[in-house]
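One structure below.
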Amino acid sequence: MQAPGTRLSYFVEGMDCASCVARVEKMVGTLPGTGEVRTSFARQTLSLALDEAQTSRAALEKNLRSLGYGPTLLPQPGAPVAASDSSHTEHAHQTRQHADHVHGPADRGKPWYRTGQGQLVVGTGVLLALAWVLGLTVPQWAGWGFTAAALIGVWPLAKKAWASLRLGDPFSINLLVTLAAVGAVAIGEAAEGAVVVFLFAVGELLEGVAAGRARAGIESLAALTPKTALLVEPGAVREVPAADLQVGQTVQVGPGARVPADGTITAGHSSLDDSPVTGESVPVGKGPGDHVYAGSINTDGLLTVRVDRAAADNTIARIVHLVEEAEGSKAPTARFIDRFSRAYTPGVVAAAALTAALPPLLLGQPWFPWLYKGIALLLIGCPCALVLSVPAAITSGISAGTRRGLLIKGGAALEAIGSVRTIAFDKTGTLTQGRPQVTDLVPADPHDDPQELLRLAAAVETGSSHPLAQAITAEAQTRGLSVPAASEVRALPGQGVAAQVGGRAVQVTSPTFAAAQGPLSTEQQRLISTLEAEGRTVVVVLDGGHPRGLIALRDEPREDARDALAGLRRLGVRPLMLTGDNTRTGQAVAADLGLDVQAGLLPEDKLHVIEELRVQGGVAMVGDGINDAPALARADVGIAMGSGTDVALETADAALLRGQVRGVAELVQLSRDTLANVRQNVAFALGLKALFLVTTLLGYTNLWMAVLADTGATALVTANALRLLRWRPRSE
């Protein structure tokens, strides 16, 4: 026996609807020794910590089966498969599926009619058809045929209802349908009772279809990682399973192949399609030193890649895991619907009982019509569509966002993003590129070649790790300049760098230090002041102690920043920049982008600003996920920039995997569209129930029409939620 508190994970066949999840959670919660219960109707999984000294694993599985679900234990990562287990072959198969992030061995790959719910639909449909044929051929036996069809068809539901009753859930949906079907038979309406059972089974099947469609996008994402890789070994290249790759090994990726693991390019240049991770379909040119993601498509060149992450920890695996975990964070609306349904179902039973009993008992009305209306109310009151309305839309919204590189960690975050009134942005690495670029080359002599000024500066800065130095050398490489060799390179702390270039003493230094070496011209001083007022950093190149010219650098705004901020304003959201940079630099960048700014902020200052903004309404914080972690956590919604980095995926409530600012506006729009979908679903569910409630009490609705109303509402809610899977920003 395993130690108390063992963590177990099950695939639960048949647990593919929101009401199923609630039923399982309620049952597991009543068992002693259970804790940390997590369920997912999209993955059909149950995860919990189980103290087997209080409740045995066998008892847990027996209770699940009594509710009508088939539990299959999933192996824990790294756990060996016991060869003595009589089902070791199946467990080995499950282990491979677990490694591939494909959950649910019992139902995956089966057509709908071979699943448990599908077989119930086929079985009840066949019984109903046989009873109908019997009614045509031997009319006197028609009643018995429909009675048999109703009772045989309702038997699986009755067993589930009894199990729910025994395990502490007396008012389950299965109980409502069982009472209605048995009641119909008792009052001589067996044909309608049989139709009720069949239509209910169809409605339950539709919920499973909805869940399957919602999770298909995530499973297709996981399936993009190739199963094999070309491992580079001394003197040979051999094919190995991608799941066996180890950190530090080297793989070869040919043109047209998918990258088998997260890693860094060590040799070769190519364009890579990173859409599986970032949602950006435009290929990105990459070369030595650049990071690549498992599942990306190498479009042209031959690449050699060093493996940085094992298969179970690559970016796609982590995205899939985080999306799956997101379901554990229910939206406030979903939590309200859950609470409402717990009181709603007993209320339906009470209302149906009073409708059936009070008029005959108090007013002397005939029993049959009111019993009939009471049974119909049981069916109208089934909360299937209502319970499904929120999680179906939220799951579809999260899946749609993931396809576009918008990783949202749960329904609570998705709902909150759409209601924020202010979005605060960090500057460096969020609104800007995060790295300085050369913007101006100004020779002291207007007749001099600016390229020569850049060549001298690049010669001095070559090999330096300072961001300004790297920007200067990168600009020289971009322009294809031949950079001369430098000698006697030495750093001037707080001032710059000096070296000998072609026998001349060359320095790249700050304007203040340059002015101390010799006076700068009035024009140069004026130009330095102008450039610095625009948020640029200016360095002076000295040649033999005399100013050779000025080089201005700035961390430029991202290309899409202006359009993204304009999109937020159109949505009625106020953008604001919070930065630790000095006021002059912050105001210069903010002026370019046309937004308000608070500059010179320490991390604790940002927290105070976020608190003040929260008082005025919902606030989101967008940052790089490292220095801004406290502010990201304090905001109503934290949104991390980044292309699949650990911090971007784990720090905030949402992450923009493309690293584009426009993703913020897309998040707001997706949230609002999802909430609109939820409101439509709730209106469909409650509206149809209200309509059929009135028609039933007036005597216009029969039993099969009542259950058809519930099934129809389920179909409408399902179809409406699945529309979100095709969601695209309005700008496209």
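What list of ³J(HN,Hα) values in whole Hz, one per residue of the stretch 652-665 in order, does the Karplus curve 6.51 cos²θ - 1.76 cosθ + 1.60 (θ = phi - 60°) give from phi, with Gly and Pro shown as x?
In residue order, the calculated couplings are 9, 7, 8, 9, 9, 5, 6, x, 10, 5, 4, x, 5, 5 Hz.
Could you derive backbone 3J(HN,Hα) for the stretch 296-313 from the dihedral phi with the Karplus parameters 6.51, -1.76 and 1.60 (θ = phi - 60°), listing whole Hz in sequence and x where the residue is Gly or Pro?
Result, rounded to whole Hz: 5, 9, 7, 7, 9, x, 8, 10, 10, 10, 8, 6, 9, 9, 6, 4, 5, 10.
Could you compute the FRET efficiency for ALA129 and VAL694, with r as their C-beta to C-beta distance and R0 at 30 Å, rounded to 0.05?
0.40
Which lysines does LYS409 reach when only Cα atoms under 16 Å apart count, and residues fewer than 8 places away in its own chain are ignored?
LYS330
Can you sort ARG658, ARG679 by 1.4 Å-probe accessible area, starting with the largest? Before the final figure, lay out each step's value.
Working: ARG658 45, ARG679 150 Å².
Per-residue accessible area, sorted high to low, gives ARG679, ARG658.
Tell me the accessible surface of MET27 in square angstrom (1.4 angstrom probe, heavy atoms of protein chains only), to the nearest ten.
Surface accessible to solvent at MET27 totals approximately 10 Å².
Scan around VAL597 for amide H atoms under 5 Å from its own, H built in the peptide plane at 1.01 Å from N, and keep only partners 5 or more places away or cross-chain.
MET577
Can you give the FRET efficiency to the nearest 0.05 for PHE513 and ARG435, using r as the Cβ-Cβ distance and R₀ = 30 Å? Before the final figure, lay out each step's value.
Working: r = 24 Å, r/R0 = 0.79.
Result of the calculation: an efficiency of 0.80.
When the C-alpha atoms of the stretch 228-313 are aligned to their principal axes, what extent does each axis show, in angstrom, from largest down?
34, 26, 21
Please arrange TRP367, TRP162 by accessible surface area, largest first, computed with a 1.4 Å probe and ligands excluded.
Numbers: TRP367 125, TRP162 155 Å².
Output order, biggest surface exposure first: TRP162, TRP367.
Ignoring everything but the protein chains, give the 1.4 Å probe accessible area of HIS608 in square angstrom, nearest 10.
Here the residue's solvent-accessible area equals roughly 110 Å².
Among the listed pairs LYS26/LYS62; LYS373/LYS689; LYS286/LYS427; LYS427/LYS606, which are separated by more than 21 Å between their Cα atoms? Please list the in-between numbers first.
Details: LYS26/LYS62 15 Å; LYS373/LYS689 14 Å; LYS286/LYS427 26 Å; LYS427/LYS606 12 Å.
Pairs exceeding 21 Å: LYS286/LYS427.
So what J values fall out for the stretch 677-682 if you push phi through Karplus, 6.51 cos²θ - 1.76 cosθ + 1.60 with θ = phi - 60°, rounded to Hz, Gly and Pro as x?
Once θ is set to phi - 60°, the couplings for the stretch 677-682 become 5, 4, 4, 4, 4, 4 Hz.
If amide hydrogens are placed 1.01 Å from N in the peptide plane, which non-local residues have theirs closer than 5 Å to the one on ASP300?
Counting only residues 5 or more places away or on other chains, the set is GLY256, SER271.
Using a 1.4 Å probe and counting only protein heavy atoms, arrange GLU532, GLU612 so the residue with the most accessible area comes first.
Numbers: GLU532 50, GLU612 110 Å².
Descending order: GLU612, GLU532.
The values are calculated or read from the model by the stated rules, or taken from the named source; none is laboratory data. From a predicted model like this one, the values you see are computed outputs, not experimental measurements. Note: ideal-geometry Cβ built from the backbone for every residue, glycine included; neighbour counts use all protein chains shown. Side chains included, ligands, DNA and RNA excluded: accessible areas come from the protein's heavy atoms. Shrake-Rupley method; radii C 1.70, N 1.55, O 1.52, S 1.80 Å.
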